[in-house]
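Visitor: Got a structure for you, questions after.
The values are calculated or read from the model by the stated rules, or taken from the named source; none is laboratory data. As the structure is a computational prediction, the values presented were derived from the model and not from experiment. Note that each Cβ is placed from the backbone with ideal geometry, even for glycine, and that neighbours are counted across all protein chains shown. In case anyone asks, the SASA skips ligands and DNA or RNA and just uses the protein heavy atoms, side chains included. Shrake-Rupley method; radii C 1.70, N 1.55, O 1.52, S 1.80 Å.
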Amino acid sequence: EAFIELEKSCNVMEGPHYRAIQRQFDTRQVIDPKTLEFIRELLPPECNRTDSMFVPATAFMCHIPLVHKDLRVLLAIADCPNKEIFSTDGCRAIINCQWERERKMARFRAVIAGIEVAN
């Protein structure tokens with residue numbers, strides 16, 4: 001179980017390959033601080049935000065490195081005539097990841113556009 005923000009459908013982030021985490025677990029090694037921080041951000045056990053919900057969670061890993069940054073993939077998603085693509089977990093994860101990077105600039109551009117319209 002983990003906390004997920006209400007406006008998101010999932011927590012998405014880049015991190016170590018699951019086998020690296022599994023190897024540390026199997027050999028009973030202490031998890032290094034960077035990996036532990038990744039796990040806590042991906043599957044936060046506690047939250048003090050009011051716009052989050054505590055839900056059952058399952059972790060997934062994309063097996064294609066950096067697919068979420070490939071412009072061809074992003075264009076294929078945007079241009080896909082089948083809207084059912086947006087109901088897949090992988091597609092939603094890619095969109096959420098990119099939106100996290102773009103959100104602040106998109107809001108800034110919307111404010112600037114609003115100011116230009118008002119003038």
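Visitor: Add -39500 (n - 2.57) for each DSSP H run of 4 or more in the chain, then divide by its residues: what number comes out at 222 nm, to the nearest 500 deg cm²/dmol?
Guide: Helix contribution divided over all residues of the chain: -16000 deg cm²/dmol.
Visitor: With springs connecting C-alpha atoms under 10 Å apart, model the chain as a Gaussian network and identify which of M105, M53, M13 has the largest mean-square fluctuation.
Guide: Fluctuation is largest for M105.
Visitor: Using a 10 angstrom Cβ neighbour count of at most 15 plus a DSSP loop assignment to flag exposed GluC sites (Glu not before Pro), which longest range of the chain is free of such sites?
Guide: The longest such stretch corresponds to 47-119.
Visitor: Which whole-number percent gives the relative contact order of the chain, counting Cα pairs below 8 Å spaced six or more residues apart?
Guide: After rounding, I find 35 percent.
Visitor: Would you work out the charge dipole size for the chain about its Cα centre, treating the Cβ of every Lys and Arg as +1 and the Cβ of every Asp and Glu as -1, and quote it to the nearest 20 debye?
Guide: Using only the charged Cβ atoms, the result is roughly 240 debye.
Visitor: Within the chain, what's the longest stretch lacking trypsin sites (Lys or Arg not before Pro) that sit in DSSP loops with no more than 13 other Cβ atoms inside 10 Å?
Guide: 50-119
Visitor: Taking square-rooted eigenvalues a ≥ b ≥ c of the alpha carbon gyration tensor, is the chain rounded, prolate or oblate, where a/c under 1.5 means rounded and, failing that, a/b exceeding b/c means prolate?
Guide: prolate
Visitor: Under the rule a/c < 1.5 gives rounded, and otherwise a/b versus b/c splits prolate from oblate, where does segment 12-69 land using the Cα gyration tensor?
Guide: oblate
Visitor: Now a separate question. Considering the chain as a Gaussian network with a 10 Å cut-off on Cα pairs, which listed residue, F86, F54, F25, attains the greatest mean-square fluctuation?
Guide: Evaluated over the chain, the most mobile residue of the options is F25.
Visitor: Return one whole number: the accessible area per residue of the chain in Å², for a 1.4 Å probe.
Guide: 80 Å²
Visitor: Follow-up. Carbon and sulfur: what percent of the chain's accessible surface (1.4 Å probe)?
Guide: Solvent-exposed carbon and sulfur of the chain make up 60 percent of the total.
Visitor: While we're looking at this one, here's another question. Evaluate E = 1/(1 + (r/R0)^6) for E46 and Q22, where r is the Cβ-Cβ distance and R0 equals 22 Å; express this FRET efficiency to the nearest 0.05.
Guide: Calculated value: 0.35.
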